[in-house]
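Here is the structure we will look at.
The values are calculated or read from the model by the stated rules, or taken from the named source; none is laboratory data. These numbers come from a predicted model, not from an experiment. Cβ placement follows ideal geometry from the backbone for every residue including glycine, while neighbour counts extend to all protein chains displayed.
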Amino acid sequence: MVKVAPSILSADFSQLKEEIIDVDKGGADYIHIDVMDGHFVPNITIGPLIVQAVRPHTELPLDVHLMIEEPDRYVADFAKAGADIISVHVEACRHLHRTIHLIKEHGAKTGVVLNPATPAETIKHILKEVDLVLLMTVNPGFGGQAFIPEVVAKIEEVKNMLSELGHDAELEVDGGVNKETAASCRAAGANVLVAGSAVYKHADRQKAIEQIRGSAE
Ligand code: DX5
Ligand code: ZN
């Protein structure tokens, strides 16, 4: 079954606890947390303190998406704060293999992320090592942007790479995912759908999650 991972980037930060409980009760599979440093992407958001603060309020896996330069410097902090999955951008890692192993050493699941313009082949030699591949379907930095349909071919490409390896890593998509765009992601092979504005800008989060899941099945 397809998983839905609401991104708290579009939540009301003045009541983050309630916002997380709301999507947890509404059927979310993961809580997606967008970490931005103002360097790798033109926005600044969440640090380990916030991850630690929300950790006690849900048992769902915290899916932490690091959009930061030199992520090695912060892997330990996010793992200690309670991140279950830590994903790093191939474009932000000088030694991707080392970073992936650092995440494993800290007991978290590993994810590797590709920006829309980055080719699938850049992760060919790390694929076996990761638990999750995250394909950006917008340029990272902000919620509420339009889905880039050209990435759908890359979802299929990575899905095929995984099948050839016989590796069942999760395949996640992030950016502009809503009840209209979810179906093409799912058809191409994605099994985890991140959705920020499509969930949090909807008054009824359970309904929003169901609509996204329903359109992708
Ligand atoms: C973008 C973030 C996304 C964002 C998605 O840089 O990585 O996770 O919150 O938001 P929507 O679903 O609104 O595009
Ligand atoms: Zn994200």
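Residues of the stretch 76-111 that are in contact with a Leu (Cβ under 8 Å, 6 or more places away or on another chain), surrounded by 21 or more Cβ atoms within 10 Å (Cβ to Cβ), closer than 17 Å to Pro61 by Cα and not hydroxyl-bearing (Ser, Thr, Tyr): Phe78, Ala83, Ile85, Ile86, Val88, Gly111. Residue count for the stretch 195-216 under the criterion of being within 14 Å of ligand 1 (Cβ to nearest atom), outside any helix (DSSP H, G or I) and of a type in the set (A, V, I, L, M): the result is 1.
Among the residues of the stretch 122-144, just one is surrounded by 15 or more Cβ atoms within 10 Å (Cβ to Cβ), more than 15 Å from the chain's Cα centre (by Cα) and not hydrophobic (A, V, I, L, M, F, W, C), namely Glu129. Reported count of residues in the stretch 1-38, each being out of contact with any helix residue (DSSP H, G or I) (no Cβ under 8 Å at 6 or more places or on another chain), closer than 22 Å to Thr181 by Cβ, among the acidic types (Asp, Glu) and in a strand (DSSP E or B), is 0.
Exactly one residue out of Ile50, Ile21, Ile44, Ile31 is modelled with pLDDT of 95 or more and surrounded by 21 or more Cβ atoms within 10 Å (Cβ to Cβ): that is Ile31. With the requirement that a residue be of a type outside the set (S, T, N, Q) and over 14 Å from Phe40 (Cα atoms), what does the stretch 55-71 give you? Scanning the stretch 55-71 gives Arg55, Pro56, His57, Glu59, Leu60, Pro61, Leu62, Asp63, Val64. Selection of the stretch 102-139 for residues being of a type outside the set (Lys, Arg), in a helix (DSSP H, G or I) and out of contact with any Asp or Glu (no Cβ under 8 Å at 6 or more places or on another chain) yields Ile103, Glu105, Glu121, Thr122, Ile123, Leu127, Glu129. Taking each residue of the stretch 53-69 that is polar (S, T, N, Q) and looking for partners that are more than 16 Å from ligand 1 (Cβ to nearest atom) with beta-carbon atoms closer than 6 Å, six or more apart or interchain, yields Thr58/Asp24. Residue count for the stretch 117-138 under the criterion of being within 14 Å of ligand 2 (Cβ to nearest atom) and in contact (Cβ under 8 Å) with a residue 40 or more places away in the chain: the result is 4. Applying the condition of being touching a Leu at 6+ places or on another chain (Cβ under 6 Å) and among the aliphatic types (A, V, I, L, M) to the stretch 170-194 and asking which residue is farthest from ligand 1 (Cβ to nearest atom) yields Ala190.
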